[in-house]
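Enquirer: Below: one structure in structure tokens.
The values are calculated or read from the model by the stated rules, or taken from the named source; none is laboratory data. No experiment lies behind these values; they were computed from the predicted model shown. Please note: Cβ atoms are built from the backbone with ideal geometry, for glycine as well, and neighbour counts cover all protein chains shown. Just so you know, the surface numbers come from the protein's heavy atoms only, side chains and all, with ligands and any DNA or RNA stripped out. Shrake-Rupley method; radii C 1.70, N 1.55, O 1.52, S 1.80 Å.
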Amino acid sequence: MDMEVEGDLEFLLDIEMLQLPEVSSFAMKSNPYVVEALFSQWLSLPETGRLVNSLVADAKSGASFNVGGNSTGINGVSNHSLPSMFPGGSTPPLSPRSASSSPRMVKQRFGPSSLSSPLKLVKEPAREAIPQFYFTSGRPAPNELTEDFLSKANQFFLSRSDGVQIKEFKLVTKEICKLPSYLSTALFRKIDVNCNGKVSREQFINYWIMSNMLTMDLASQVFAILKEPERNYLVQDDFKPALQELLATHPGLEFLQSTPEFQERYAETVIYRIFYYINRTSNGRITLRELKRGNLIAAMQHVDKEEDINKVLKYFSYEHFYVIYCKFWELDNDHDFFIEKENVIKYGNHALTYRIVDRIFSQIPRRFTCNVEGRMGYEDFVYFILAEEDKSSEPSLEYWFKCIDLDGNGVLTRNEMQYFFEEQLHRMECMAQEPVLFEDILCQIFDMIGPENEECITLRDIKNCKLAGHVFNILFNLNKFVAFESRDPFLIRQEHEDPTLTEWDRFAHREYIRLSMEEEAEDASNASDVWDESLEAPF
């Protein structure tokens, strides 16, 4: 109740209309209860009654009057002055200050109030309707987009009133949903939650609209279709249905249908490559943000349009899988699908030092998924070979930076780099090559990288340097170090002709040619042996 009285007096009662020169308007405004008491007392004065009667008479006669003004009314009253509530001489004196500094004088000077009524009518501002800007499931699709989708869906299901099976659903996925065709199985299973083997028109429309798929970008749609409902990330198993359908339907992979074991290895390799490049946190969970930042969606669209699978260099190339698998098979002497330190030492014609291999098997750059102590599995090898053969990529730079950073403090110091180069220097001496002093190598490294701090090198410095991969080769890969120092100008010109190819693309191309030539030579040798045996005398 107190709040209501205070609010009414503040907004409806004009203090100036009281015309109390004895009391400052500032004091009255700051004490609304005092104003209320003064106003009640003023109404009870005899002079107030006579003034009100005079004003009423003037109003009835139609004469103009001005409360508190200087004009003369019809009754000869020169000034309807308001009676004072303080007797003469009883008003306390004002403080000795200039009139210009008085709050009352300032208010009268800059904004004289209307004296038409002691009560002001304050209009409440019109409330503006704020449109909804947050939607739990995303912003609804525009009517035009929804109508276009319904038209296409109705036309497709017009002759399929009983619904469609999984074989026919590929057309829905590609033509209506505008998704890669090999996602049809995953999408079908998302809609057919009861496993009835068919999807009706109502089920399809309800899922696509209620899930707000119309307004999603392609990456969000793929993410929503592949992931499990209770998760907000993708794991390796989420990609298997799409890759199984790709293997079954893509014309460039038909030759693998007679070898199911290699179909499985191909799918695993593609998944490992996806997680190597896309899952930057290396926790085995791809988030929507990581999916959007990567190039996987573009590669998925490319592989759906391209009949030659080997032209899709990102993730899906069969030639790339062939190189990775054959390189692993060469090192796996007993073919138990595990390799040890001694096997990795032989990689690249004994290119790596023992110290860097020890760091790899200590699982510093990446924890092995293989549960066998002291051994590396196929998935771990895929990460290793991608990091070794393409040191221009950020995952590779992070991989080798962790190997060189012995104390794990996030910087590479002189002592850490010298620790790894010592073995390189020893190998140079054993190969009768002219040794290079570490002081000279250190100056070369710092000149190439140009770190912010001259005392150490950070991962940020490494990523900002185009020659960072060569720095790592200097420290632990002698073959690539020597090859870089004696580069063939023709090869350098070839690299500049097609800058879109990565170091991994060029390596995989060279190795595939070598491996295919070796296989052809082996087949020819076996054929000649069979021919010789057939020419032998039966006796």
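Enquirer: Quick one: which helices (runs of 4 or more DSSP H) sit completely within the range 319-378 and have at least 1 residues that are in contact with a Phe, Trp or Tyr (Cβ under 7 Å, 6 or more places away or on another chain) and more than 30 Å from D308 (Cβ to Cβ)? Walk me through it before giving the result.
Expert: Working: elements: 341-345, 347-350, 354-361.
Those helices (runs of 4 or more DSSP H) span 341-345, 354-361.
Enquirer: Checking the structure you have, find out if any residue of the range 438-448 is touching a His at 6+ places or on another chain (Cβ under 8 Å) and either open to solvent by 70 Å² or more (accessible area, probe 1.4 Å) or assigned by the TED database to the domain that holds N464 (or both).
Expert: Going residue by residue through the range 438-448, those that are touching a His at 6+ places or on another chain (Cβ under 8 Å) are 448.
Next, only the ones that are either open to solvent by 70 Å² or more (accessible area, probe 1.4 Å) or assigned by the TED database to the domain that holds N464 (or both) stay: 448.
Yes - at least one qualifying residue is present in the range 438-448.
Enquirer: Quick check: is even one residue across the range 504-511 open to solvent by 70 Å² or more (accessible area, probe 1.4 Å), farther than 28 Å from Q418 by Cα and either assigned to a helix (DSSP H, G or I) or at pLDDT 75 or above (or both)? Give the steps one after another, and end with the answer.
Expert: First, pick out the residues of the range 504-511 that are open to solvent by 70 Å² or more (accessible area, probe 1.4 Å): 509-510.
If we keep only those that are farther than 28 Å from Q418 by Cα as well, we get 509-510.
Restricting the remaining residues to those that are either assigned to a helix (DSSP H, G or I) or at pLDDT 75 or above (or both) gives 509-510.
Among the residues of the range 504-511, at least one is open to solvent by 70 Å² or more (accessible area, probe 1.4 Å), farther than 28 Å from Q418 by Cα and either assigned to a helix (DSSP H, G or I) or at pLDDT 75 or above (or both), which makes the answer yes.
Enquirer: Just name the residue that is most open to solvent (accessible area, probe 1.4 Å) out of those in the range 373-391 that are within 18 Å of D336 (Cα to Cα) and in contact (Cβ under 8 Å) with a residue 24 or more places away in the chain. I'd like the intermediate steps shown before the answer.
Expert: Taking the range 373-391 first, the residues within 18 Å of D336 (Cα to Cα) are 373-382.
Of the ones still in play, those that are also in contact (Cβ under 8 Å) with a residue 24 or more places away in the chain are 374-379, 381-382.
Values: G374: 44, R375: 64, M376: 0, G377: 7, Y378: 11, E379: 24, F381: 0, V382: 0 Å².
Going through the qualifying residues, I end up with R375.
Enquirer: Let me ask something else about it. Within the range 130-157, work out how many residues are open to solvent by less than 90 Å² (accessible area, probe 1.4 Å), at pLDDT 80 or above and not charged (D, E, K, R).
Expert: Taking the range 130-157 first, the residues open to solvent by less than 90 Å² (accessible area, probe 1.4 Å) are 135, 137-138, 140-142, 145-146, 148-154, 156-157.
Filter again for at pLDDT 80 or above, leaving 142, 145-146, 148-154, 156-157.
Narrowing further to those that are not charged (D, E, K, R): 142, 145-146, 149-151, 153-154, 156-157.
Residues meeting the conditions: 10.
Enquirer: If you don't mind, another one. Taking G284 as meeting all but one of (1) assigned to a helix (DSSP H, G or I); (2) in contact (Cβ under 8 Å) with a residue 12 or more places away in the chain; (3) over 22 Å from A508 (Cα atoms), write down the number of the exception.
Expert: Condition (1) is where G284 drops out.
Enquirer: Could you check L291 against (1) of a type in the set (A, V, I, L, M, F, W, C); (2) assigned to a helix (DSSP H, G or I); (3) farther than 21 Å from S396 by Cα and say which number it fails?
Expert: It fails just one condition, (3).
Enquirer: Additional query: Out of (1) assigned to a helix (DSSP H, G or I); (2) touching a residue at least 40 places away in the same chain (Cβ under 8 Å), what's the single condition that is false for Q433?
Expert: Status for Q433: all satisfied but (1).
Enquirer: Sticking with this one: Out of the range 158-183, which residues are surrounded by 14 or more Cβ atoms within 10 Å (Cβ to Cβ), more than 15 Å from Q203 (Cβ to Cβ) and of a type in the set (S, T, Y)?
Expert: Across the range 158-183, the qualifying residues are S181, Y182.
Enquirer: Quick one: what pairs do we get from the range 355-368, first residue in contact (Cβ under 8 Å) with a residue 40 or more places away in the chain and of a type in the set (D, E, K, R), second part of a loop (DSSP other than H, G, I, E, B) and surrounded by fewer than 19 Cβ atoms within 10 Å (Cβ to Cβ), C-beta under 9 Å, 6+ apart or different chains?
Expert: The qualifying pairs are R359/L406; R366/S282.
Enquirer: Also, I was wondering about something else. Sort through R265, R293, R273, R280 and tell me the only one that's modelled with pLDDT under 95 and of a type outside the set (A, V, I, L, M, F, W, C).
Expert: On the way: R265 fails: modelled with pLDDT under 95; R293 fails: modelled with pLDDT under 95; R273 fails: modelled with pLDDT under 95.
Every option except R280 fails the conditions.
Enquirer: Taking the options Y276, Y322, Y315, name whichever one is surrounded by 19 or more Cβ atoms within 10 Å (Cβ to Cβ) and at positive phi. Spell out how you get there, then give the answer.
Expert: Details: Y276 fails: at positive phi; Y322 fails: at positive phi.
Every option except Y315 fails the conditions.
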